[in-house]
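Structure first, then comments.
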Amino acid sequence: MTLMNKVALVTGGSQGIGKAISEKLLAAGATVAIAALDDPALTGTASEFKSRGLRFKSYGMDLTDDTQIETLVKSVVRDLGPLDILINNAGITGPTGAAHTIAIEDWDRTLKINLRTPFVLCRAVAASMIEKKRGKIINISSIAGKMAYPLRTPYASSKWGLIGLTLTLAQELGPHNIQVNVICPGPTRTEMIDSVIRKRAEAAGVTFDAMYKEYVRATALKRMVLPSEVADAVLFLCSPESDAITGQAIDVSAGYGFRIGE
């Protein structure tokens, strides 16, 4: 699969799944814009990619700010060229706790970052993709967007919503030859899942190791997903080989939720 002469924007591309996606797209020949908070993770990734001679540009910004999103898209087009690919990967874990104990401001922040920001970005790039009669949009949801996820109400709701956004946009943009799909990772070996497991263990009154084993036990493959495995699925959906695929919510979850055996 080749993405030569393609320009991609990856949000949250400085670490975890986002960094793995950026690396896969770069290896396939794409020019990649990485947008994330202006923090040590972005600085470190930018330095690493620069030392490897990769074709990228980093943009440090707050993706909850509509004005900054508008500026981001205009800057990428100015610096790298019209966008062919948008990867909405940036997100937060949100709070852990029973729904009736969740602070409204925590609910609002989780939904804003995990659902509103992808919508605003899709809205920002849609017109140019429609004009070109081509484009790829891939949203990163979660297996939590397909199942009940007790103690994680804001996160699950945002990820269910992202799937709904994806399927709806696929119908709206399909006549313009724009494919819109969503990846639903299961527990993935990142710092983010460690944070989730730690908070869930505290809420349940068990150790981190015990909760970690519960997450693994709940998968058919009895292991966590690797960021590179999520990135492989994204790469395929960005490629010409996936041109007939749209409106799909694809699990990369190691079979999470099946609970086959002990």
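The values are calculated or read from the model by the stated rules, or taken from the named source; none is laboratory data. Predicted model only: the values in this text are computed from it and were never measured. As a convention, Cβ positions derive from the backbone with ideal geometry for all residues, glycine included, and neighbour counts pool all protein chains shown.
Quick look at the numbers
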{"item": "Members of the stretch 234-262 that are closer than 30 Å to Lys133 by Cβ and either at pLDDT below 95 or part of a loop (DSSP other than H, G, I, E, B) (or both)", "result": "Ser239, Asp243, Ala244, Ile245, Thr246, Gly247, Gln248"}
{"item": "Options Ala90, Ala46, Ala41: the member that is aliphatic (A, V, I, L, M) and over 26 Å from Pro187 (Cβ atoms)", "result": "Ala46"}
{"item": "From the options Gly97, Gly91, residue that is of a type outside the set (A, V, I, L, M), over 23 Å from Ile250 (Cβ atoms) and in contact (Cβ under 8 Å) with a residue 60 or more places away in the chain", "result": "Gly97"}
{"item": "Residue under evaluation Thr93, criteria (1) more than 21 Å from Ala231 (Cβ to Cβ); (2) of a type outside the set (Asp, Glu); (3) out of contact with any His (no Cβ under 7 Å at 6 or more places or on another chain), criterion not met", "result": "(1)"}
{"item": "Pairs with Cβ under 9 Å, 6+ apart, first in the stretch 193-205 and more than 18 Å from Val225 (Cβ to Cβ), second assigned to a helix (DSSP H, G or I) and of a type in the set (Ser, Thr, Tyr)", "result": "Ala201/Tyr212"}
{"item": "Condition check for Thr45: at pLDDT below 95, of a type in the set (S, T, N, Q) and not in a strand (DSSP E or B)", "result": "no"}
{"item": "Hits in the stretch 134-147 - residues which are within 18 Å of Ser239 (Cβ to Cβ) and more than 13 Å from the chain's Cα centre (by Cα)", "result": "Arg134, Gly135, Lys136"}
{"item": "Within the stretch 74-104, tally of residues that are surrounded by 21 or more Cβ atoms within 10 Å (Cβ to Cβ) and among the aliphatic types (A, V, I, L, M)", "result": "6"}
{"item": "Ile163 vs. criteria surrounded by fewer than 21 Cβ atoms within 10 Å (Cβ to Cβ), aliphatic (A, V, I, L, M) and at pLDDT below 95", "result": "no"}
{"item": "Exclusive hit being farther than 29 Å from Leu3 by Cβ, among the polar types (S, T, N, Q) and over 16 Å from the mean Cα position of the chain (by Cα), set Thr153, Thr168", "result": "Thr153"}
{"item": "Selected residue (only one of Val216, Val196 is part of a helix (DSSP H, G or I) and either surrounded by fewer than 17 Cβ atoms within 10 Å (Cβ to Cβ) or aromatic (Phe, Trp, Tyr) (or both))", "result": "Val216"}
{"item": "The stretch 27-38 - residue that is in contact (Cβ under 8 Å) with a residue 24 or more places away in the chain and surrounded by fewer than 21 Cβ atoms within 10 Å (Cβ to Cβ) and, of those, farthest from Ile193 (Cα to Cα)", "result": "Gly29"}
{"item": "Hits in the stretch 141-162 - residues which are of a type in the set (A, V, I, L, M) and over 23 Å from Glu105 (Cα atoms)", "result": "Ile143, Met147"}
{"item": "Some residue of the stretch 172-186 being within 21 Å of Arg134 (Cα to Cα), in a helix (DSSP H, G or I) and touching a helix residue (DSSP H, G or I) at 6+ places or on another chain (Cβ under 8 Å)", "result": "yes"}
{"item": "Tally of residues being over 30 Å from Asn177 (Cα atoms), in contact (Cβ under 8 Å) with a residue 12 or more places away in the chain and not polar (S, T, N, Q) across the stretch 100-138", "result": "4"}
{"item": "Within the stretch 148-160, considering residues that are at pLDDT 95 or above and hydrophobic (A, V, I, L, M, F, W, C), the one farthest from Arg116 (Cα to Cα)", "result": "Ala156"}
{"item": "Every residue from the stretch 213-239 that is more than 22 Å from the chain's Cα centre (by Cα) and not aliphatic (A, V, I, L, M)", "result": "Lys213, Glu214, Arg217, Lys222"}
